[in-house]
Amino acid sequence: MIDWVDAVKDYKKQYDNDIFIHEYVDSLVPIYYHDILRAFSSGNLWANTDIEQAHVGMPVWRFMQEVIYEEYMNEFMNEWEPFDEEE
């Protein structure tokens with residue numbers, strides 16, 4: 001599991017603005033099938049995910065990556081804002 005406080009601190013060390021947050025969070029999303037399934041299952045994302053029209057025909061692994069990315073972005077931003085206020 002990712003320690004989001006450390007992830008935000010790591011990002012702040014590497015970059016002095018918020019321009020690359022999307023790329024940084026995307027780099028944390030797993031790319032191997034086993035890792036995708038583990039991240040999707042450990043976050044209990046099965047119960048909280050709705051399949052929409054845009055997902056029809058999409059490979060399952062890609063759909064899972066999108067859901068994981070959204071969850072990771074939310075977690076990162078939850079830590080970003082309090083961290084940002086301290087400075």
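The values are calculated or read from the model by the stated rules, or taken from the named source; none is laboratory data. Computed from a predicted structure; not experimentally measured. Note that we place each Cβ from the backbone using ideal geometry, even for glycine, and neighbour counts take in every protein chain shown.
Each residue in region 12-48 was checked for being among the charged types (D, E, K, R) and either touching a Phe, Trp or Tyr at 6+ places or on another chain (Cβ under 7 Å) or surrounded by 12 or more Cβ atoms within 10 Å (Cβ to Cβ) (or both), and 5 of them qualify. Residue 59 falls short on exactly one of the conditions (1) free of Cβ contacts under 8 Å to residues at least 60 places away in the same chain; (2) surrounded by 13 or more Cβ atoms within 10 Å (Cβ to Cβ), and that condition is (2). When restricted to residues that are on the phi < 0 side of the Ramachandran plot and either out of contact with any helix residue (DSSP H, G or I) (no Cβ under 8 Å at 6 or more places or on another chain) or at pLDDT 85 or above (or both), region 38-48 contains 7.
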